[in-house]
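Below you'll find the structure, written out as structure tokens, and then a few comments.
The values are calculated or read from the model by the stated rules, or taken from the named source; none is laboratory data. Computed from a predicted structure; not experimentally measured. Here the Cβ positions follow ideal geometry from the backbone for every residue, glycine too, while neighbour counts run over all protein chains shown. Accessible surface is based on the protein model in full, side chains and every heavy atom, while ligands, DNA and RNA are left aside. Shrake-Rupley method; radii C 1.70, N 1.55, O 1.52, S 1.80 Å.
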Amino acid sequence: MPRKTEIKDYIRTIVDFPHEGIMFRDVTTLFADPRGFRMAIDQLLHPYAGVRFDKVVGLEARGFILGGAVAHQLSAGFVPIRKKGKLPGAVISEEYQLEYGEAVVEIHDDAIEAGEKVLLVDDLLATGGTAEAGIKLVERLGGEIIGCAFVIDLPDLGGRKRLEAMDMDVHTLCTFEGL
């Protein structure tokens, strides 16, 4: 078995999932490997060394795993952004477009205080729709997104360009061409 030296080496590709023609990039193999997981967390943090964050926001669901670990390393709080109806208590919502339809994400209305510095974390940047919705939620609460960190970028789907057009700093660990 070849030695794994890069983040990309730990990510499994599943062909035709969830639909024919899709190459699903499965990060559970990265999470399952202690060396790979530590490497990913360290590399997600690297560009933000010396930057103070109050909160790390993780997008459902794999962003919770990464975001929790990153928040721990930063000694920052962790805030989940969840699909509609999953959070107890008062929330604010943001609707966004999917390839076929719409979706809604939510955040507790008291999760971010005005002026707090926030890092948004998720496993994959595809079209950028979920990340954009998360950014809007944080900003509506008065938080300031300092950066957006992802393990995987699918550049053909335009997510990085979409977030950069919003003046977001985008950091990714690896790219995969295609869908």
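Descriptive notes on the structure:
- Long pairs among K4/K161; K136/K161; K55/K136; K83/K136, criterion Cα-Cα beyond 18 Å: K4/K161
- The range 1-79: C-alpha pair distances exceeding 17 Å, %: 54 percent
- Relative to the current alpha-carbon distance between S93 and M23, full extension at 0.36 nm per residue lengthens the span by 22.2 nm.
- Checking every one of the GluC sites (Glu not before Pro) in the range 113-179 against DSSP loop status and a limit of 12 other Cβ atoms within 10 Å picks out E113, E177.
- Among 45-53, 95-103, 61-69, 22-30, the order from most to least packed when residues are scored by Cβ within 10 Å on average: 61-69, 22-30, 45-53, 95-103
- Beta-bridge orientation, the chain: approximately 40 percent antiparallel, per DSSP, counting only bridges with both partners inside.
- Heavy-atom accessible area ranking, 1.4 Å probe, most first, across K136, K55, K161, K84: K161, K84, K136, K55
- Put a plus charge on the Cβ of each Lys and Arg, a minus charge on the Cβ of each Asp and Glu, and nothing anywhere else: the dipole of the range 13-125 about its Cα centre is then about 460 debye.
- In nm, spacing of pseudo-spin labels at Y100 and A32 (7 Å Cα→C-beta vector): 2.8 nm
- Value of D in µm² per second that Stokes-Einstein yields for the chain, Kirkwood Rh from Cα pairs, at 20 °C (1.002 mPa s): 130 µm²/s
- Working from the Cα coordinates of the range 63-135, the gyration tensor eigenvalues give, after taking √(5λ), semi-axes of 21, 16, 11 Å in decreasing order.
- The apolar share of the surface of the range 1-149, taken as the fraction of accessible area on carbon and sulfur atoms (1.4 Å probe, ligands and nucleic acids excluded), comes to 51 percent.
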